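Below is one structure, written out as structure tokens, with a few remarks after it.
The values are calculated or read from the model by the stated rules, or taken from the named source; none is laboratory data. Computed from a predicted structure; not experimentally measured. Quick reminder, even Gly has a Cβ in these numbers, built from the backbone with ideal geometry, and neighbours come from all protein chains shown. All accessible areas refer to the heavy atoms of the entire protein, side chains included, with ligands and DNA or RNA removed. Shrake-Rupley method; radii C 1.70, N 1.55, O 1.52, S 1.80 Å.
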Amino acid sequence: MNFKKFLAANRQQGLRVLLIRTDRIGDVVLSSAAAELLKRHFPTFRISFLVRDYTKAVLTNNPFIDEIIATDGLTFKELAERIKDNDIGVAMYASKTAVYAPLFAKIRFRAGPLSKLRSLFLNIRVIQNRSRSVKNEGEYNLELLGKVFNIPTGEKIYPKIYLSEAERDEAAAYILKNHGIKNGDDFLIIHPGSGGSSKDYPKGNFFKLAKNLAQNGTKVIISGSAEEIAAYKKEYAEIGENLFSDALPLRKFLALISFAK
């Protein structure tokens, strides 16, 4: 039975779908809307998301995701055992894990972009030409699912992060205590660091921008990892100590972002 016939025969049966995105945190955020798209059209589907452990926090509390699985600490054999009960595996990006794990787990239908030689191990392949960057990563993910599951993708579905009120209250208290910014005040976050996967604005320009904004009365918070913040404070101390955030746990940092203008 081909996939279209299988889907038509089982769309009401609560099929188990594994979405796979085991790379960086930004790509996981941009992939999160895929779960909502599937649940809108197939509400009985059970959606699992396979990610790296450090990115799990961006998917926590997402009402469209039934299970989050982390690859960390699992051998390939253990990972295959963990995911083998899924009916469909969707590689959002044709990484080694995204392609080979469903294959070794003997997942019946394995879909993903035809972008690498290893994509030939998928049995549902979608040509997208992502390297042209005509769309953003989130739009490419929705397009991929639209083609695999034969559903329209014209509707706008944006990535969302679901924070609790307790998380937001904790972040509001942190912002007031460490930066003197009250709940309701407008402020900007400047995040100079990156993974280096694309062309970057020169780091010094970020701090010129922060200094100019602060001098003109705009409240600014500069964020980064513990190592980045330590380096920034040493090199750009003159712009003011209270502009630098602490290196926050990811959920707390996400809550801080939620208050920014």
Spot the failing condition for Ser258; the list is (1) open to solvent by less than 40 Å² (accessible area, probe 1.4 Å); (2) under 23 Å from the mean Cα position of the chain (by Cα); (3) of a type in the set (Ser, Thr, Tyr), and only one is missed.
(1)
Of Arg40, Arg21, which residue is charged (D, E, K, R), surrounded by 19 or more Cβ atoms within 10 Å (Cβ to Cβ) and under 15 Å from Asn141 (Cβ atoms)?
Arg21
Has the range 207-222 got any residue that is open to solvent by less than 60 Å² (accessible area, probe 1.4 Å), touching a residue at least 24 places away in the same chain (Cβ under 8 Å), hydroxyl-bearing (Ser, Thr, Tyr) and part of a helix (DSSP H, G or I)?
no
Among the candidates Arg125, Arg82, Arg110, which residue alone is open to solvent by 90 Å² or more (accessible area, probe 1.4 Å), without any contact (Cβ under 8 Å) to a residue 60 or more places away in the chain and not in a helix (DSSP H, G or I)?
Arg125
Just checking: which of the helices (runs of 4 or more DSSP H) contained wholly in the range 1-42 hold 1 or more residues that are free of Cβ contacts under 8 Å to residues at least 12 places away in the same chain and hydrophobic (A, V, I, L, M, F, W, C)?
3-10
Just to be sure, is Asp169 assigned to a loop (DSSP other than H, G, I, E, B) and farther than 20 Å from Val28 by Cα?
no
